[in-house]
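The values are calculated or read from the model by the stated rules, or taken from the named source; none is laboratory data. Treat the numbers as computed from the prediction; the structure is a model and nothing was measured. Positions of Cβ are backbone-derived with ideal geometry, glycine not excepted, and every protein chain shown enters the neighbour counts. Surface accessibility is based on the protein's heavy atoms, side chains included, excluding ligands, DNA and RNA. Shrake-Rupley method; radii C 1.70, N 1.55, O 1.52, S 1.80 Å.
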Amino acid sequence: NDTHGKIQKQFIDRSIKKRYTALLEGEYDLQTKKKVGDINLPLSMDYLNRPMQRVNFDEGKPALTSYEILEVSNGRTRIHFYPKTGRTHQLRLHAAHEMGLNIPIVGDDIYGQRDERLCLHAGFIELMHPVTEEVISFTA
């Protein structure tokens, strides 16, 4: 019974669907930018500033995130992130980097500013059950 292996393969094959909700430290400009889009910035370790990652078009690994803006008010933006890859700090860097959204996640003490907590919530996952092969999902 290789239950773990079957689930791990789904992550490797990128067939698992995930949704994160975040609060961004700033207002996303819906007048000039798309409400729904993709951020495709390759990432690598920033060896001089561990544990930071950095955008690296020469040596970085592919990192793709889809997003949907939910609400913009009171100096903040609520957003859904749908990571297509699973790189370290992918959502945090795609939010904060000037070639991404250019608005860090509230409480991101690495790419933004420290706050009471990091406002990033893993809210949904969908995968194939490793035994029954039924599609199952969990919402938090």
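Select from the stretch 94-128 the residues that are farther than 12 Å from Ala22 by Cα and acidic (Asp, Glu) and list them in ascending order. Scanning the stretch 94-128 gives Glu98, Asp109, Asp115, Glu116, Glu126. Scan the stretch 22-53 for residues that are more than 17 Å from His89 (Cβ to Cβ) and among the β-branched types (Val, Ile, Thr) and the total you get is 2. Inspect the stretch 117-136 for any residue being open to solvent by 20 Å² or more (accessible area, probe 1.4 Å), part of a loop (DSSP other than H, G, I, E, B), farther than 30 Å from Ile7 by Cβ and at pLDDT 95 or above and give the result as yes or no. No; the residues of the stretch 117-136 include none that is open to solvent by 20 Å² or more (accessible area, probe 1.4 Å), part of a loop (DSSP other than H, G, I, E, B), farther than 30 Å from Ile7 by Cβ and at pLDDT 95 or above.
Restricting the search to the stretch 48-66, which residues are open to solvent by less than 70 Å² (accessible area, probe 1.4 Å), part of a strand (DSSP E or B) and in contact with a helix residue (DSSP H, G or I) (Cβ under 8 Å, 6 or more places away or on another chain)? Passing the criteria: Gln53, Val55, Thr65. Consider Thr65 carefully, then state whether it is more than 17 Å from Asp108 (Cα to Cα) and of a type in the set (Ser, Thr, Tyr). Yes. Among the residues of the stretch 6-47, those identified as part of a helix (DSSP H, G or I) and either over 16 Å from the mean Cα position of the chain (by Cα) or among the aliphatic types (A, V, I, L, M) (or both) are Lys6, Ile7, Gln8, Lys9, Gln10, Ile12.
Per-residue answers, yes or no, for (1) modelled with pLDDT of 95 or more; (2) farther than 23 Å from Asp108 by Cα:
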position: Phe11; (1), (2): no, yes
position: Lys17; (1), (2): yes, yes
position: Gln31; (1), (2): no, yes
position: Leu43; (1), (2): yes, no
position: Val55; (1), (2): yes, no
position: Lys61; (1), (2): yes, no
position: Leu70; (1), (2): yes, no
position: Asn74; (1), (2): yes, no
position: Lys84; (1), (2): yes, no
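Report whether or not Gly107 is over 28 Å from Asp13 (Cα atoms), out of contact with any Asp or Glu (no Cβ under 9 Å at 6 or more places or on another chain) and open to solvent by less than 30 Å² (accessible area, probe 1.4 Å). When the stated conditions are applied, Gly107 does not pass them. Tyr82 meets the conditions (1) touching a Phe, Trp or Tyr at 6+ places or on another chain (Cβ under 9 Å); (2) closer than 24 Å to Thr139 by Cβ; (3) open to solvent by less than 60 Å² (accessible area, probe 1.4 Å) in every case but one. The failed one is (3).
Within the stretch 104-116, can you find the residues that are out of contact with any Pro (no Cβ under 6 Å at 6 or more places or on another chain) and not in a strand (DSSP E or B)? Pro104, Val106, Gly107, Asp108, Asp109, Ile110, Gln113, Arg114, Asp115, Glu116 - these are the residues of the stretch 104-116 that are out of contact with any Pro (no Cβ under 6 Å at 6 or more places or on another chain) and not in a strand (DSSP E or B).
Screening Leu93, Leu101 for residues that are assigned to a loop (DSSP other than H, G, I, E, B), more than 24 Å from Gln8 (Cα to Cα) and open to solvent by less than 20 Å² (accessible area, probe 1.4 Å) leaves exactly one candidate, Leu101.
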